[in-house]
Amino acid sequence: KNQVEQSPQSLIILEGKNCTLQCNYTVSPFSNLRWYKQDTGRGPVSLTIMTFSENTKSNGRYTATLDADTKQSSLHITASQLSDSASYICAQSGGSYIPTFGRGTSLIVHP
Amino acid sequence: KAGVTQTPRYLIKTRGQQVTLSCSPISGHRSVSWYQQTPGQGLQFLFEYFSETQRNKGNFPGRFSGRQFSNSRSEMNVSTLELGDSALYLCASSWDRNTEAFFGQGTRLTVV
């Protein structure tokens, strides 16, 4: 069964600090891995998408990395802001391009 | 540039009824995907349409169906509603498979 596991489940940090979220996947072959940010009650917003040949992708203060050998991805948030408080969801697609989603990491940024 | 529009935003239906949800993608996007999001299961893929053809289907019963029109607008239908169908239904559009996906605000369906 395809699985995507995210850790930690929740995280509280102070404004201005950095943090790293983890995503492990099992699906092979690999088509792409996406990171999304989802605010409560709203649709997810795409942060990054990486294909097999990419091992890092940045979007402003968000940087995603991919290690295809260990089937791990991480999302690094630099200089966190209050508006970064949200759920961060990882989704990985295999050869069929059907995405499997992780349960997300709930991030709270305190002033 | 207009985003992805889903209608209606909220819906309350009775068990056994059917429902149709609508999704208007970003202009120029030919791929539309549908997802179900619940607190218990998280986000789950329903199906994807590309140029009016269903290109992929997730692991959902046949009560869940969809279609896409020539202007790329898409609808999904759920027949014989069950309490467990209560969820946020999201659609996303993209130019193609390995490109950025843009989600709508979702339709919150409550089955009573």
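The values are calculated or read from the model by the stated rules, or taken from the named source; none is laboratory data. Since we're looking at a predicted model, the values are computed, not measured. Using ideal geometry, Cβ is built from the backbone for each residue, glycine included, and neighbour counts are taken over all protein chains shown.
Here are the numbers:
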read-out	value
Residue list for the range B:1-42, filter: touching a residue at least 60 places away in the same chain (Cβ under 8 Å) and among the β-branched types (Val, Ile, Thr)	B:VAL4, B:THR5, B:THR7, B:ILE12, B:THR14, B:VAL19, B:ILE26, B:VAL32
Extreme residue, farthest from the other protein chains (Cβ to nearest Cβ), among residues of the range A:86-111 that are at pLDDT 95 or above and surrounded by fewer than 18 Cβ atoms within 10 Å (Cβ to Cβ)	A:PRO111
The range B:93-112 - residue that is within 17 Å of A:TRP35 (Cβ to Cβ) and part of a strand (DSSP E or B) and, of those, nearest to the other protein chains (Cβ to nearest Cβ)	B:PHE103
Residue satisfying all of: in the range B:60-92; buried (at least 18 other Cβ atoms within 10 Å of the Cβ) and part of a loop (DSSP other than H, G, I, E, B); nearest to the other protein chains (Cβ to nearest Cβ) among these	B:SER72
For B:LYS57: the one exception among (1) closer than 24 Å to A:GLY41 by Cβ; (2) within 14 Å of chain A (Cβ to nearest Cβ)	(1)
Residue ID - farthest from the other protein chains (Cβ to nearest Cβ), chosen from residues in the range B:21-48 that are touching a Lys or Arg at 6+ places or on another chain (Cβ under 6 Å) and over 19 Å from A:THR105 (Cα atoms)	B:SER24
The range A:24-83, subset surrounded by 15 or more Cβ atoms within 10 Å (Cβ to Cβ), over 21 Å from B:ARG97 (Cα atoms) and free of Cβ contacts under 8 Å to residues at least 24 places away in the same chain, residue nearest to the other protein chains (Cβ to nearest Cβ)	A:ARG42
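Conditions (1) under 24 Å from B:PRO39 (Cβ atoms); (2) among the small types (Gly, Ala, Ser); (3) outside any loop (DSSP other than H, G, I, E, B); (4) under 14 Å from the mean Cα position of the chain (by Cα), marked per residue:
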residue: A:ASN24; (1), (2), (3), (4): yes, no, yes, yes
residue: A:TRP35; (1), (2), (3), (4): yes, no, yes, yes
residue: A:LYS57; (1), (2), (3), (4): no, no, yes, yes
residue: A:ASP69; (1), (2), (3), (4): no, no, no, no
residue: A:ARG103; (1), (2), (3), (4): yes, no, no, yes
